[in-house]
Ligand SMILES: [Zn+2]
Ligand SMILES: [Zn+2]
């Protein structure tokens, strides 16, 4: 089965042209990068859309590598690749054998809203956060008699929540201690440290936003999003509230499957977890210094893509079922969308181009004087950065690597020697000839043209299924 027959592929392929056309007809212009990510995703990993030819001169084997879209949201394939690359990089080339603590900070609704729209606000909030946690570690270190201690951290900004909704929050991997000229000292973190920091972060972030005029006192927690704004604001606003922004169920939340109770909100509680008026700081995940596998697992978790394709299923009447990772307290196990609605959600998660979602701080930041002393330089079984850099210097590879993933082109699958680049093939006639000759199936990329929405059908399953579930649980 080819890529084009997978559910998530069909969702985009069948609906994206309609989605953008409908928005245009409503006078809501969405930024171009959203459409572009859809288009590029549709030809990702498909040989009939062009590929490069690689040859191994040691064992004479040959490989064709289809171009990747390198999309950050829609493409589970590229998202998965990026997750593995990032995690491997953090373990092999950033974190030495030191304990690592994950700090997760999530925000009140109003701040999520500001951060989703404005990458400058997001960066400001991140800067305040990292500075506060870092200086806390340093203060504790100074009390132990360490002079001018340094901290090191990596932040991965996740834009999504568990129900394919927009929810910008930070996952920060901190060395759980301080570094001084490459020497590490552990710092002990307890519940009260997390409470103290949560309080401090809340105060500093709000104060700094007030100073810049982004946070007004008269807005209460239930403030309404400005629904009058067009296009992307509406798209993001809906997604932030877990509501649908367009189509027949505009303003509604996606139907819940398995719900048996009314959901009651309870303040989150647990060790090394602090909650304060919507700010939640969680620091209970710590990886020991020898546990490199655990560190890589954690890194993969924080760098994971917005959605995994094995959580998307197709229901009996064609609707899309999103399986929740952990069922909600009210019993909900799945959320249900129409294809159009699910696509709307996915598109709302696409970050603006050139926003960097991985940031390095302290001794890990690129120009820090003690960086080379503080990062991991141990050779691993994987290809080292220096080796890959050497490859990138040579011309065809440099261009090539922009379009595919390094891991795909470095090693011969049979003899583990290095593949050599032969050529790049983009001419449709030659592509067809070669693939036919080599016995590959030719997958056709043909997104559905814009069409009128199937109103009756869409309404029907929502109502019917809701009724069905009510009856089921009442009996
Ligand atoms: Zn891709
Ligand atoms: Zn070989």
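The values are calculated or read from the model by the stated rules, or taken from the named source; none is laboratory data. These numbers were taken from a predicted model, which means no experiment stands behind them. Using ideal geometry, Cβ is built from the backbone for each residue, glycine included, and neighbour counts are taken over all protein chains shown.
Observations, loosely collected:
- Options 54, 105, 90, 124; residue that is at pLDDT 90 or above and either within 16 Å of the chain's Cα centre (by Cα) or within 16 Å of ligand 2 (Cβ to nearest atom) (or both): 105
- Within the stretch 34-45, residues that are under 11 Å from residue 73 (Cβ atoms) have Cβ atoms under 6 Å from residues that are in a loop (DSSP other than H, G, I, E, B) in these pairs: 34/350; 37/71; 37/74; 37/350; 41/69; 41/71; 41/74; 41/75, counting only partners at least 6 apart in sequence or on another chain.
- Some residue of the stretch 121-143 being within 16 Å of ligand 1 (Cβ to nearest atom) and assigned to a helix (DSSP H, G or I): no
- Residue check, residue 112 within 16 Å of ligand 1 (Cβ to nearest atom), assigned to a helix (DSSP H, G or I) and at pLDDT below 95: no
- Scanning the stretch 29-50 for residues that are over 21 Å from residue 338 (Cα atoms) and assigned to a loop (DSSP other than H, G, I, E, B), we see that the one that is nearest to ligand 1 (Cβ to nearest atom) is 44.
- The numbered conditions (1) on the phi > 0 side of the Ramachandran plot; (2) at pLDDT below 90; (3) touching a strand residue (DSSP E or B) at 6+ places or on another chain (Cβ under 8 Å) are all true for residue 354 except (3).
- Subset of the stretch 286-303 (residues that are crowded, with 20+ Cβ neighbours inside 10 Å and not in a helix (DSSP H, G or I)): 287, 303
- Filter pass, residue 338 being over 20 Å from the mean Cα position of the chain (by Cα), crowded, with 23+ Cβ neighbours inside 10 Å and at pLDDT below 90: no
- Annotation: residue 368 fulfils all but one of (1) assigned to a loop (DSSP other than H, G, I, E, B); (2) modelled with pLDDT under 85; (3) crowded, with 16+ Cβ neighbours inside 10 Å; the unmet one is (2).
- Meets criteria (closer than 19 Å to residue 320 by Cβ, touching a strand residue (DSSP E or B) at 6+ places or on another chain (Cβ under 6 Å) and either more than 16 Å from ligand 2 (Cβ to nearest atom) or touching a residue at least 12 places away in the same chain (Cβ under 8 Å) (or both)) for residue 3: no
- Subset of the stretch 61-106 that is away from ligand 1 (no atom under 16 Å from the Cβ) and part of a helix (DSSP H, G or I) - its residue that is surrounded by the most Cβ atoms within 10 Å (Cβ to Cβ): 90
- Test: residue 21 is crowded, with 19+ Cβ neighbours inside 10 Å and part of a helix (DSSP H, G or I): no
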